[in-house]
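Please treat every number below as a calculation from the coordinates, not as lab data. The structure presented is a predicted model; accordingly, all values stated were derived computationally and were not measured. Every residue, glycine as well, gets a Cβ built from its backbone with ideal geometry; the counts of neighbours run over all protein chains shown.
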Amino acid sequence: MNDLIPLLAVYSYVISLVLISEKVIKNELLGRKFLHIMVGNIAFLLPFFESRYVMTFLAAFPFLILTFLMTPYSPIKIRSRTTLSGHALGLFYYSIAWTLLAFFLFERCDAISMGIVAMSYGDGFASIIGTRYGKRRFSIFGAEKSFEGSLAMFFASIAMFVVIEFYYHGVISILILPLAMIATILEATTPKGLDNLSVSLTVALLYVMI
């Protein structure tokens with residue numbers, strides 16, 4: 001029963017974001033990135049869950065199913081401009097990462113949150129800045145990125161790492177700097193939308209280790 005309020009909060013929040021991104025924001029890229037970034041605020045709801053299974057299978061896993069149904073690989077065709085305008089499996093990978101982190105790191109909501117904000121805010125701002133202002137482009141392992149986007153990834157990650165550390169612990173560690181650098185390198189070198197997995201999972205696991 002204690003998990004009902006945070007569970008309803010997650011669903012209400014995500015549904016509101018989807019409606020705004022689909023119906024209010026006219027630009028497809030901005031709509032998709034608005035959803036991608038703002039979903040990261042779920043990190044602030046995680047401490048209110050008391051059950052690993054509620055967080056994993058009722059809060060996270062249903063979105064894994066929904067985002068898969070919104071991909072071109074779904075047997076049921078659900079059109080969404082926020083998924084069609086980006087990488088076909090981007091939001092699906094996003095949901096996989098959240099589900100895995102919720103199950104395996106339930107006792108470390110701070111680590112889950114670090115992974116989520118690196119994936120949402122960091123990767124989201126990297127895409128926006130890189131698409132709009134990226135002039136110095138490079139390609140590693142088939143992933144075309146820009147230095148401007150990577151800088152945005154780095155500084156957005158640092159900013160949100162500070163917020164998460166202060167939210168959970170009331171202190172800020174200097175270790176967030178190398179963590180942000182690792183997240184930036186992964187975002188720049190991981191191809192085919194898989195950075196939604198590599199960045200979030202790696203950041204969360206490294207945070208647990210440090």
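A few points about this structure:
- Highest-first arrangement of 51-60, 130-139, where packing means the average Cβ count within 10 Å: 51-60, 130-139
- For residue 135, a cut-off of 19 angstrom between C-alpha atoms picks up these aspartates and glutamates, skipping any fewer than 8 places away in its own chain: 123, 144, 148, 187.
- Relative to the Cα centre, the charge distribution of region 4-209, modelled as +1 at Lys and Arg Cβ and -1 at Asp and Glu Cβ, gives a dipole magnitude of about 740 debye.
- Here the spin labels are modelled as points 7 Å beyond Cα on the Cα-Cβ line, and at residue 144 and residue 65 they lie 3.8 nm apart.
- Distance in nm between pseudo-label sites at residue 132 and residue 171 (7 Å out along the Cβ direction from Cα): 3.8 nm
- Across the chain, the mean sequence separation of Cα contacts (distance under 8 Å, 6 or more residues apart), normalised by length, yields a relative contact order of 21 percent.
- Under 10 Å, Cβ to Cβ, from residue 143 - net charge with Lys/Arg +1 and Asp/Glu -1: -1
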